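K.L.:
Supplied in structure tokens, the structure appears directly below.
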Amino acid sequence: MLSLIAAFMLFGTNMVMAQATAEGGASASPATAAAGADNGLASAGYYTLLFLIICFIVGIVGKILRVFDLTQQIQGKQPMNWNNIMGIICLAFLIVGMYGAYWEFSVQGKMILPDAASIHGVKIDQMFWTTTVLTTIVFVITQILLFTFLFRYRYSAKRRGHFLPHNNTIEKVWTIAPAIVLTILVIFGFFTWQQITNSVDAKGEPASINIDVTGHQFAWELRYQGKDGKLGNTNYKLVNGTNKLGINFKDKYSYDDLQADTMVIPVRKSIRLNIHAQDVIHSVYMPHFRVQLNAVPGLPTYFKFTPTITTSEMRTKLDNPTFEYLLYCNKICGGAHYNMKKVVRVVSEAEYQAWLAQQKPYLTDKLKQDLKFAEQKSAVQQNNRLALNN
Ligand SMILES: [Cu+2]
């Protein structure tokens, strides 16, 4: 029964995922998304019903076999050997289950992400594959042992079972061996993560480009540094209709900060994403670069990475002329969470500079008016003069 539930959960998930992918590819309008959700629920109900029907059929077959068995006994013939039947079912389950696992790898394995497009991403992939290979080997060995033992040592009146109440050696082996392997994996992961996140600016490796990524329900806002190469301060208390990021325009570094719709970044330059959230927890997720970090309100975080493959190179590599890198939100942050998607384009340095020159500053005329910017600016200058005098 439990195996059946597992199998149906798997098929159900596949169906829902396939629908979601088709939806995403076809259109991203809210209406189609709602229709997609309905289809998902409908198929869940369908699979539940199918599951119940199969349970019912299995029950009926069991009853028929029982009647057959009793008739055999009444006629004085050999009763059915349920131990043999169960043993054979176990072997069949092993073969079908192993094929199922192979099918998952071969069919859904193709949906895996392409090569990592960032320097640290390669290390993350190495870790992923090490863990996958190790666990697959252990999985295959343990499943074969489990089901062949069930078959090989099924009950037989001709055989005496060997009773093994306790064996310290076996206990030690199956406790220490996995503990060593897991410790190695965890330590390996710990040092890799430390390497990725320790590339801090304070250690003399400042990022070439600073980008503020701010999540709110339901979009990402991007802020690029202007000519001064620095991003101005922000303060959530300054957020309003015109100043949606709460940029502190008293900070002179903020005057030339730029806003952008697409995240365009130059290849082989280190990028520092300063991650903010304005309402709930969001998550900056750029799967092709193996970048993911939560965006937490009130707790700015950052992630540094270096893209290594341009969008056009990736298009050639994947033989997909419409391929785009994407920035997603990876927290189910509300009703229109699926809308939090931005195109990320990795280009050459020259293309990047050309694109940057066309981006508009955050400090629009409207904002200058709203903030009575001229007065503030002169106030700042006056303060500077005072400071100088002092
Ligand atoms: Cu979100």
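K.L.:
Among the residues of the range 213-255, write down those that are within 21 Å of E349 (Cβ to Cβ), away from the ligand (no atom under 16 Å from the Cβ) and in contact (Cβ under 8 Å) with a residue 60 or more places away in the chain.
P.N.:
Selection gives R223, Y224, G226.
K.L.:
Still on this structure: Of the numbered conditions (1) in a helix (DSSP H, G or I); (2) surrounded by 14 or more Cβ atoms within 10 Å (Cβ to Cβ), G226 fails exactly one; give the number of that condition.
P.N.:
(1)
K.L.:
Would you mention how many residues in the range 323-350 are away from the ligand (no atom under 11 Å from the Cβ), free of Cβ contacts under 8 Å to residues at least 60 places away in the same chain and not in a loop (DSSP other than H, G, I, E, B)?
P.N.:
Residues in the range 323-350 being away from the ligand (no atom under 11 Å from the Cβ), free of Cβ contacts under 8 Å to residues at least 60 places away in the same chain and not in a loop (DSSP other than H, G, I, E, B): 2 in total.
Yes/no per residue for (1) assigned to a helix (DSSP H, G or I); (2) free of Cβ contacts under 8 Å to residues at least 12 places away in the same chain; (3) hydrophobic (A, V, I, L, M, F, W, C):
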{"position": "V107", "(1), (2), (3)": "yes, yes, yes"}
{"position": "A116", "(1), (2), (3)": "no, no, yes"}
{"position": "S156", "(1), (2), (3)": "no, no, no"}
{"position": "T183", "(1), (2), (3)": "yes, yes, no"}
{"position": "F190", "(1), (2), (3)": "yes, yes, yes"}
{"position": "Q194", "(1), (2), (3)": "yes, yes, no"}
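K.L.:
Sticking with this structure for a sec: Are any residues in the range 288-322 within 15 Å of the ligand (Cβ to nearest atom) and either surrounded by fewer than 17 Cβ atoms within 10 Å (Cβ to Cβ) or part of a helix (DSSP H, G or I) (or both), and if so, which ones?
P.N.:
Step one: filter the range 288-322 for residues within 15 Å of the ligand (Cβ to nearest atom), giving 292-297, 301.
Result: Q292, N294, P297, T301.
K.L.:
Next question. Give the range 332-365 a look and list any residue that's closer than 17 Å to P287 by Cβ and either in contact with a Phe, Trp or Tyr (Cβ under 9 Å, 6 or more places away or on another chain) or of a type in the set (S, T, Y) (or both), or say none. Full working, then the answer.
P.N.:
Just the residues of the range 332-365 that are closer than 17 Å to P287 by Cβ, to begin with: 332, 337-338, 340-346.
Listed by number, the residues that qualify are H337, Y338, M340, K341, K342, V343, V344, R345, V346.
K.L.:
Further question on the same structure: How many residues, within the range 148-162, are charged (D, E, K, R) and under 47 Å from the mean Cα position of the chain (by Cα)?
P.N.:
The initial filter retains those residues of the range 148-162 that are charged (D, E, K, R), namely 152, 154, 158-160.
Next, from what is left, pick out any that are under 47 Å from the mean Cα position of the chain (by Cα): 152, 154.
Residues meeting the conditions: 2.
K.L.:
Restricting to the range 268-284, and then to whatever is within 11 Å of the ligand (Cβ to nearest atom) and farther than 16 Å from T197 by Cβ, can you tell me which residue is surrounded by the fewest Cβ atoms within 10 Å (Cβ to Cβ)?
P.N.:
If we filter the range 268-284 for residues that are within 11 Å of the ligand (Cβ to nearest atom), which is where we start, we get 277-284.
From the residues that got through so far, the ones that are farther than 16 Å from T197 by Cβ too are 277-282.
Details: A277: 25, Q278: 18, D279: 12, V280: 16, I281: 15, H282: 30.
The qualifying residue surrounded by the fewest Cβ atoms within 10 Å (Cβ to Cβ) is D279.
Only the coordinates and a few stated rules stand behind these numbers; no lab work does. Keep in mind the model is a prediction, meaning the values are calculated, not measured. So basically every Cβ, Gly included, is an ideal-geometry build from the backbone, and we count neighbours across all protein chains shown.
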